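Asks: If you scroll down you'll find the structure; I have some questions about it.
The values are calculated or read from the model by the stated rules, or taken from the named source; none is laboratory data. Given the structure is predicted, the values throughout are model-derived calculations rather than measurements. Don't worry about glycine lacking a Cβ; one is built from the backbone with ideal geometry, like all the others, and counts go over all protein chains shown.
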Amino acid sequence: MSQQHNSEQVCHVVVLISGNGSNLQALIDQQLKHGYRIAGVISNRADAYGLQRAKDAGLTSQVIDHKQFDSREAFDQEMIRVIDAMDIDLVVLAGFMRILSSAFVQHYQGRLLNIHPSLLPAYKGTQTHKRVLEAGDREHGVSVHFVTEELDGGPVVRQAVITVDSQDTVETLQQRIAEQEHRIYPEVVGWYASGRLTMTDSCATLDGNRLPPQGVRQ
């Protein structure tokens with residue numbers, strides 16, 4: 001895997017999934033627009049619908065079943081072996097429901113992106129829509145961030161904000177947040193692909209400027 005992406009070449013991306021793959025679909029649909037190429041898809045679940053999306057798009061995909069490994073570290077080492085053999089510039093997590101080991105995160109430091117359905121640092125972890133409703137928050141959103149060893153704690157690159165309506169449910173929030181995810185995730189991958197986005201000293205940098213804690217928020 002390249003240590004540094006050459007912006008004059010197409011950025012090769014591998015997408016890691018566990019389920020439906022709606023963000024994968026958005027990344028597939030917008031790769032030409034944003035100047036990157038998905039070189040492969042990896043799932044830890046053989047029944048992930050995202051694998052069908054990859055097949056329909058003519059993408060190489062592979063299943064690495066975490067249940068076949070004795071430990072998280074052993075599973076992650078196999079993923080590292082497979083990914084490095086693909087000569088990838090960027091690893092993108094798109095609904096990949098596994099906590100990554102320190103070794104994996106360190107190996108791809110600065111080349112590993114995730115999307116999380118909350119306005120980080122609020123509501124790390126799961127069931128974010130339910131927690132937002134229970135707290136009575138008027139704002140909710142989604143964050144794209146670099147991955148570090150802290151769960152959902154890496155530097156935020158981009159956030160999209162929605163207003164929570166009194167009629168909103170977990171289902172309506174999930175749908176509205178997904179629309180924002182599909183809009184901003186390919187955009188951020190494009191920033192990386194063009195050489196505009198980097199992570200240095202545990203901070204996200206866009207066009208040479210260090211981003212604030214909330215990243216670019218619109």
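Asks: So, of the residues in region 79-89 that are assigned to a helix (DSSP H, G or I) and either aliphatic (A, V, I, L, M) or within 16 Å of the chain's Cα centre (by Cα) (or both), which turns out to be farthest from V147 (Cα to Cα)?
Replies: Taking region 79-89 first, the residues assigned to a helix (DSSP H, G or I) are 79-85.
Now restrict to residues that are either aliphatic (A, V, I, L, M) or within 16 Å of the chain's Cα centre (by Cα) (or both): 79-80, 82-83, 85.
On the way: M79: 16, I80: 15, V82: 19, I83: 17, A85: 21 Å.
Among those that are assigned to a helix (DSSP H, G or I) and either aliphatic (A, V, I, L, M) or within 16 Å of the chain's Cα centre (by Cα) (or both), it is A85.
Asks: Considering only region 140-171, how many residues are under 18 Å from Q106 (Cα atoms) and not aliphatic (A, V, I, L, M)? Give the steps one after another, and end with the answer.
Replies: Restricting attention to region 140-171, the residues satisfying the condition of being under 18 Å from Q106 (Cα atoms) are 145-156.
Now drop any that are not not aliphatic (A, V, I, L, M), which leaves 145-146, 148-150, 152-155.
Here the count works out to 9.
Asks: OK, next. Looking at this structure, is D76 among the charged types (D, E, K, R), touching a residue at least 24 places away in the same chain (Cβ under 8 Å) and in a helix (DSSP H, G or I)?
Replies: Numbers: among the charged types (D, E, K, R): yes; touching a residue at least 24 places away in the same chain (Cβ under 8 Å): yes; in a helix (DSSP H, G or I): yes.
Answer is yes for this residue.
Asks: Suppose we filter region 90-117 for residues that are part of a loop (DSSP other than H, G, I, E, B) and either within 12 Å of G153 (Cα to Cα) or touching a residue at least 40 places away in the same chain (Cβ under 8 Å) (or both); how many remain? Reasoning before the result, please.
Replies: Within region 90-117, the first condition is being part of a loop (DSSP other than H, G, I, E, B), and the residues that meet it are 94-101, 108-111, 117.
Next cut, either within 12 Å of G153 (Cα to Cα) or touching a residue at least 40 places away in the same chain (Cβ under 8 Å) (or both) only: 94-100, 108-111, 117.
Selection size over region 90-117: 12.
Asks: Residues in region 155-173 that are in a loop (DSSP other than H, G, I, E, B) and modelled with pLDDT of 95 or more: how many? Break it down stepwise before answering.
Replies: Quick first cut of region 155-173, residues in a loop (DSSP other than H, G, I, E, B) only: 155, 164-169.
Among the residues that remain, those that are also modelled with pLDDT of 95 or more are: 155, 164-165, 167-169.
Going through region 155-173 one residue at a time, the tally reaches 6.
Asks: Follow-up. Only one of (1) surrounded by 14 or more Cβ atoms within 10 Å (Cβ to Cβ); (2) more than 29 Å from Y108 (Cβ to Cβ); (3) not polar (S, T, N, Q) is not met by G136, so which one is it?
Replies: Result: G136 fails condition (1) only.
Asks: Here's a follow-up. Mind listing just one residue for me: the one in region 148-165 that is β-branched (V, I, T) and touching a residue at least 24 places away in the same chain (Cβ under 8 Å) and, of those, surrounded by the fewest Cβ atoms within 10 Å (Cβ to Cβ)? It would help to see each step written out before you state the result.
Replies: First pass over region 148-165, keeping only residues β-branched (V, I, T): 148, 156-157, 161-164.
The next check asks that each one be touching a residue at least 24 places away in the same chain (Cβ under 8 Å); those that pass are 148, 156-157, 161, 163-164.
Values: T148: 19, V156: 23, V157: 25, V161: 13, T163: 11, V164: 19.
In this case the residue turns out to be T163.
Asks: Do you know which residues across region 191-214 are within 20 Å of G35 (Cβ to Cβ) and either crowded, with 19+ Cβ neighbours inside 10 Å or among the hydroxyl-bearing types (S, T, Y) (or both)? Walk me through how you get there before you give the answer.
Replies: The first filter runs over region 191-214 and keeps only residues within 20 Å of G35 (Cβ to Cβ), leaving 191-199, 204-208.
Listed by number, the residues that qualify are W191, Y192, A193, S194, L197, T198, M199, A204, T205.
Asks: Filter region 9-35 down to residues that are in a strand (DSSP E or B) and under 17 Å from E181 (Cβ atoms) and give me whichever is farthest from the chain's Cα centre (by Cα). Steps first, please.
Replies: Just the residues of region 9-35 that are in a strand (DSSP E or B), to begin with: 11-17.
When the remaining residues are screened for being under 17 Å from E181 (Cβ atoms), the result is 13, 15-17.
Values: V13: 11, V15: 8, L16: 8, I17: 9 Å.
Residue satisfying both the conditions and the ranking: V13.
Asks: List pairs: first in region 193-218 and in a helix (DSSP H, G or I), second of a type outside the set (D, E, K, R) and surrounded by 15 or more Cβ atoms within 10 Å (Cβ to Cβ), Cβ under 8 Å, 6+ apart or cross-chain?
Replies: A193/H5; A193/V10; A193/C11; A193/V13; A193/H34; A193/G35; A193/Y36; A193/L90
Asks: Something else about it: Given (1) closer than 29 Å to Q180 by Cβ; (2) among the hydrophobic types (A, V, I, L, M, F, W, C); (3) crowded, with 17+ Cβ neighbours inside 10 Å, identify the lone condition not met by I64.
Replies: (1)
Asks: For region 174-190, state whether one or more residues are more than 21 Å from A94 (Cβ to Cβ), outside any loop (DSSP other than H, G, I, E, B) and either touching a helix residue (DSSP H, G or I) at 6+ places or on another chain (Cβ under 7 Å) or free of Cβ contacts under 8 Å to residues at least 40 places away in the same chain (or both).
Replies: Within region 174-190, the subset more than 21 Å from A94 (Cβ to Cβ) is none.
No, region 174-190 contains no residue that is more than 21 Å from A94 (Cβ to Cβ), outside any loop (DSSP other than H, G, I, E, B) and either touching a helix residue (DSSP H, G or I) at 6+ places or on another chain (Cβ under 7 Å) or free of Cβ contacts under 8 Å to residues at least 40 places away in the same chain (or both).
Asks: Kindly provide the set of residues from region 38-55 that are touching a residue at least 24 places away in the same chain (Cβ under 8 Å) and either on the phi > 0 side of the Ramachandran plot or touching a strand residue (DSSP E or B) at 6+ places or on another chain (Cβ under 6 Å) (or both), ordered by number.
Replies: Selection gives I38, A39, G40, V41, I42, S43, A48, G50, L51, A54.
Asks: Among the numbered conditions (1) closer than 23 Å to N209 by Cα; (2) out of contact with any Leu (no Cβ under 9 Å at 6 or more places or on another chain); (3) of a type in the set (S, T, N, Q); (4) not in a loop (DSSP other than H, G, I, E, B), tell me where S143 comes up short.
Replies: (2)
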